[in-house]
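**Q** If you scroll down you'll find the structure; I have some questions about it.
The values are calculated or read from the model by the stated rules, or taken from the named source; none is laboratory data. Since we're looking at a predicted model, the values are computed, not measured. We place every Cβ from the backbone using ideal geometry, glycine too, and count neighbours over all the protein chains shown. What goes into the accessible areas is simple: the full protein's heavy atoms, side chains included, and nothing from ligands, DNA or RNA. Shrake-Rupley method; radii C 1.70, N 1.55, O 1.52, S 1.80 Å.
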Amino acid sequence: MSYCDLFLRACRKEATERVPVWYMRQAGRYDPDYRKIKEKYSLLEICEQPELAAEITLMPVRKLGVDAAILYSDIMNPVASIGIDFDIVKNVGPVIHNPIRSRADVEKLKPIDVEGDLPHVLETIRILDRELTIPLITFAGAPFTIASYLIEGRPSKSYILTKSLMYGEPDVWQALMDKLADMVVAYVKAQLANGSKAVQLFDSWVGALSPRDFSTYVLPTIERIFQELSGLPQPKIYFPGVASGELLPLLHNVRADVIGLDWRVSVQEGRRRLGGTFAVQGNLDPYVLTAPMDVVKAQAAAIIDEGLHEPGYIFNLGHGLFPEASLDKLRELTEFVREYSEKRIAERVSGEQRM
Ligand code: CP3
């Protein structure tokens, strides 16, 4: 089978014959075969077995027919290497046994040793690079989102401890941002050197900040990360997570190729706020997948129509898939995105030829 680089072309805002599609959290609990594997192994145990992690990465590719694979791993995976002791607890999420609360805690964090501590992740990437005929996306958690787990010690809704450290001890906060940025850059460079074709930085929870606080406490670090990666040819995606619409106008100097949108802002409005330089990815509300299929398709069609206004559009959800999502509906949605977007692009091309 020949290699399909549709996703990479859309990232670079090149013309495509249809809209590429993949889903955040496409490898996961909505799939009964994945749930069976999870009865035997934890997420971290799976990540330590490259053949198995690669197989789980491939499952949604085969079942859904998506245009990109995303490495089976977790944003917390690399933090063990800098000295964080954690578990991923069922139905809770990441739980940290030695949370970061003080300057001394930040000072204790070590530089990441990707080759020494995460060789299994790099091996998984190399296996996938050999097996895939579509691009492999690898990823890292962005500093704010990782810090929110490291400081709170577990998932939070208010980010009270995170914000209290950020406001109360801004130099300790910045030291933590700096160390996490160094971790992200080294980890992502190793991923790209081992065969990954694109990278996404997940800043899932940064929408919890006001635009002013995002500019002051987080944005300089995001700009530095993408600046340091900008010499590498592979496309880079920044996903500022849920409720990030108000942050979009601030991203002009971020040297990413693609910005992921959540569903609270339309694709057109998102592009307007971003100022026209980026490709965009998104942004169906994942919970629309609970609706009857004709509703799902109508919503997807409206999003695709907006996406096709300008080059550089990738269909995705506005956030990750949830465990109750239906595999059959996802398969049907994927097929619909392919067929509908192909038809719309063909109509446009023939319309232009007539003019
Ligand atoms: O997208 C994919 O299919 C690739 C795999 C992937 C996982 N986590 C596997 C996983 C990716 C890209 C992530 C990223 C991740 N992890 C994010 C950013 C994306 C987002 O949703 O905003 C965040 C915030 C985390 C932290 C994390 N890990 C949470 C909040 C949870 C959920 C806890 C729960 O049980 O509800 C996890 C666990 C996790 N990571 C699961 C999976 C498939 C589910 C539990 C499991 O199967 O062990």
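**Q** From Cα pairs below 8 angstrom and at least 6 apart in sequence, can you work out the relative contact order of region 1-105, rounded to a whole percent?
**A** Computed value for region 1-105: 21 percent relative contact order.
**Q** If contacts are Cα pairs under 8 angstrom and at least 6 residues apart, what is the relative contact order of the chain in percent?
**A** This gives 22 percent for the chain.
**Q** Which whole-Hz ³J(HN,Hα) couplings does region 41-48 yield from phi under the Karplus relation 6.51 cos²θ - 1.76 cosθ + 1.60, θ = phi - 60°, glycine and proline marked x?
**A** Each residue of region 41-48 in turn: 10, 7, 4, 5, 5, 5, 4, 7 Hz.
**Q** So what is the calculated 222 nm ellipticity per residue for the chain, using -39500 (n - 2.57) for each DSSP H run with n of 4 or more, over all residues, to the nearest 500 deg cm²/dmol?
**A** -14500 deg cm²/dmol
**Q** Also, quick follow-up: Report, to the nearest whole %, how much of the accessible area of region 205-266 belongs to carbon and sulfur atoms, 1.4 Å probe, protein only.
**A** In region 205-266, the share of accessible area belonging to carbon and sulfur is 50 percent.
**Q** May I have the extent of the alpha carbons of region 1-58 along their three principal axes, as whole Å values ordered from largest to smallest?
**A** 44, 22, 21
**Q** Further question: Note down the nm distance, to one decimal, between modelled labels 7 Å out along Cα→Cβ at SER350 and at ILE88.
**A** In this crude spin-label approximation the distance works out to 4.6 nm.
**Q** Using a Gaussian network model of the chain with C-alpha springs under 10 Å, which one of ALA298, ALA53, ALA80 is most mobile by mean-square fluctuation?
**A** Of ALA298, ALA53, ALA80, the Gaussian network model singles out ALA298 as fluctuating most.
**Q** Next question. Using alpha carbon centroids, what distance separates region 1-45 and region 293-355, in Å?
**A** The two parts, judged by their Cα centres, are 16 Å apart.
**Q** Which translational diffusion coefficient, to the nearest whole µm²/s, is obtained for region 120-256 from the Stokes-Einstein equation, given a Kirkwood hydrodynamic radius over C-alpha pairs, 25 °C and 0.890 mPa s?
**A** 157
**Q** For the chain, what percent of Cα pairs sit more than 32 Å apart?
**A** 28
**Q** I'd like the projected area of region 1-129, averaged over all directions, using the convex hull of its alpha carbons. Report it in nm² with one decimal.
**A** Average of the hull's projected areas for region 1-129 equals 10.4 nm².
**Q** Quick query: amide H of PHE86 versus all other amide H atoms, modeled in the peptide plane; which residues come in under 5 Å with a sequence gap of 5 or more or a different chain?
**A** HIS97
**Q** Using a probe radius of 1.4 Å on heavy atoms only, what accessible surface per residue do you get for region 6-354? Whole Å² is fine.
**A** 41
**Q** Now a separate question. Evaluate the distance, in nm, between pseudo-label points positioned 7 Å from the Cα of LYS189 and of VAL295 along their respective Cα→Cβ axes.
**A** The two pseudo-label positions are separated by 4.9 nm.
**Q** Can you list the HN-Hα couplings for region 125-133, worked out from phi with the Karplus curve (6.51, -1.76, 1.60; θ = phi - 60°), rounded to whole Hz and with x for Gly and Pro?
**A** With the stated coefficients, region 125-133 comes to 4, 5, 4, 5, 4, 6, 8, 7, 10 Hz.
**Q** Packing-wise, with mean Cβ within 10 Å as the measure, how do 322-329, 71-78 rank, highest first?
**A** 71-78, 322-329
**Q** State to the nearest 20 debye the size of the charge dipole of region 6-354 about its Cα centre, where the only charges are +1 on K and R beta carbons and -1 on D and E beta carbons.
**A** Dipole magnitude for region 6-354 comes out near 460 debye.
**Q** OK, next. Between GLY241, GLY260, GLY231, where does the largest GNM mean-square fluctuation fall for the chain, given springs only between Cα atoms within less than 10 Å?
**A** GLY231
**Q** What share of the DSSP beta bridges in region 6-354 is antiparallel, in percent to the nearest 5?
**A** So the antiparallel bridges in region 6-354 amount to around 15 percent.
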